[in-house]
Amino acid sequence: MTSKKEKLEAPKIPDGLAALAVSDDEWADEHEISDSIIQDCHIHNQSAYKACFDRVVFNNAVFRGTSLRKAEFTDVRFENCDLSNIELSETIMHRVSFHNCKLLGMDITGSALRNVLFEHCYADYAVLRFTNAKGVKFDKGSLAKADMSNMTLSKFYLQETNIDQVQLSQTKLGGIDISSCEFNGLGVSMEDLRRCIISPAQAITLATIFGLVVNRED
């Protein structure tokens with residue numbers, strides 16, 4: 001069973017990062033960016049394969065038409081950013097945090113996430129299929145209609161998150177606590193839900209989803 005008292009490792013970011021202007025640094029395959037802060041900018045039509053970001057802060061950055069397949073993010077923080085529809089498939093993230101970010105349609109298929117925090121983020125329609133997530137928390141945001149099928153979860157936390165209509169097929173939820181989350185429907189099987197922690201009200205909702213009739217008479 002997961003424990004709400006367990007804490008994720010936060011990004012280890014030093015003080016005094018150097019400001020980096022996107023116009024000064026054209027991204028390319030296997031490109032490396034480290035010890036930098038990238039802020040108040042629009043990052044359009046950038047494409048890099050196996051790029052590496054180490055000890056980087058993105059603040060108020062807007063990504064459009066960007067593909068960073070098989071990238072590596074270590075000790076990285078995103079603050080007030082818009083990464084909607086960004087492609088981050090097969091990416092490795094370690095000690096990464098997203099705060100107040102827009103992640104609509106973000107694609108991180110087949111990625112490995114370790115100590116990753118999503119706080120007050122909106123990731124509706126995000127694609128997380130076949131992602132291995134260990135030490136990952138979604139806190140006070142939305143994953144409505146996201147595709148989280150075939151995921152491997154360990155120390156995975158969903159707290160006060162909208163998970164309505166999330167696809168969870170072939171994702172085992174044993175020990176995962178969704179009791180504080182909001183949903184009217186889920187794409188999930190009874191076997192996948194085995195040992196999942198839910199609230200009494202959610203039990204009624206899930207019973208309805210699976211075609212059971214709940215007798216509410218005393």
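Of ASP124, ASP164, how do they rank once you tally other Cβ atoms within 10 Å and put the fewest first?
Listing ASP124, ASP164 from fewest to most nearby Cβ atoms yields ASP164, ASP124.
May I ask you to sort ASP54, ASP82, ASP75 by Cβ crowding, counting other Cβ atoms within 10 Å and putting the fewest first?
Ordered from fewest to most neighbouring Cβ atoms within 10 Å, ASP54, ASP82, ASP75 come out as ASP54, ASP82, ASP75.
Write down, largest first, the equivalent ellipsoid semi-axes of the range 65-161 in whole Å, where each equals the square root of 5 times an eigenvalue of the alpha-carbon gyration tensor.
Result for the range 65-161: semi-axes of 16, 15, 14 Å.
Over the chain, what is the relative contact order in percent, taking alpha-carbon pairs closer than 8 angstrom and at least six residues apart?
Relative contact order of the chain: 11 percent.
Pull up the DSSP beta bridges for the chain and report the antiparallel fraction as a percent, rounded to 5.
Numbers: 0 of 63 bridges.
Around 0 percent of the beta bridges assigned by DSSP in the chain are antiparallel ones.
As a test of the formula, what do you get for the chain when each DSSP H run with n ≥ 4 contributes -39,500 (n - 2.57) and the sum is divided by the residue count, at 222 nm and rounded to the nearest 500 deg cm²/dmol?
Counting only the DSSP helices, I get -1500 deg cm²/dmol.
Pop a pseudo-label 7 angstrom from the Cα along the beta-carbon direction at both ASP54 and THR205 and give the gap in nm to one decimal.
Inter-label distance under the simple model: 4.3 nm.
I want to verify a result. In a Gaussian network model of the chain, Cα cutoff 10 Å, which of these has the top mean-square fluctuation: SER179, SER84, SER111?
Fluctuation is largest for SER179.
In cubic angstrom, how much convex hull volume per residue do the alpha carbon atoms of the chain span? Could the numbers behind the result be given before it?
On the way: hull volume 22.6 nm³, N = 218.
It is 104 Å³ per residue.
On a full-extension model of 0.36 nm per residue, what is the gain between ALA18 and ASN100, subtracting their alpha-carbon distance, rounded to one decimal in nm?
27.2 nm
Around ASN45, with a cut-off of 13 angstrom between Cβ atoms, what is the net charge of the other residues, counting Lys and Arg +1 and Asp and Glu -1? All intermediate terms of the calculation are to be shown ahead of the outcome.
Values: positive: ARG64; negative: GLU26, GLU87.
Taking every other residue near ASN45 into account, the sum is -1.
Within the set of other residues whose C-beta is less than 9 Å from the C-beta of ARG114, count the net charge using Lys and Arg as +1 and Asp and Glu as -1.
Counting the neighbours of ARG114, the net charge comes to +1.
No lab work stands behind these numbers, since they all come straight from the coordinates. Predicted, not measured: the structure shown is a model, and the values here were computed from it. Here the Cβ is made from the backbone with ideal geometry for all residues, glycine too, and neighbour counts use every protein chain on show.
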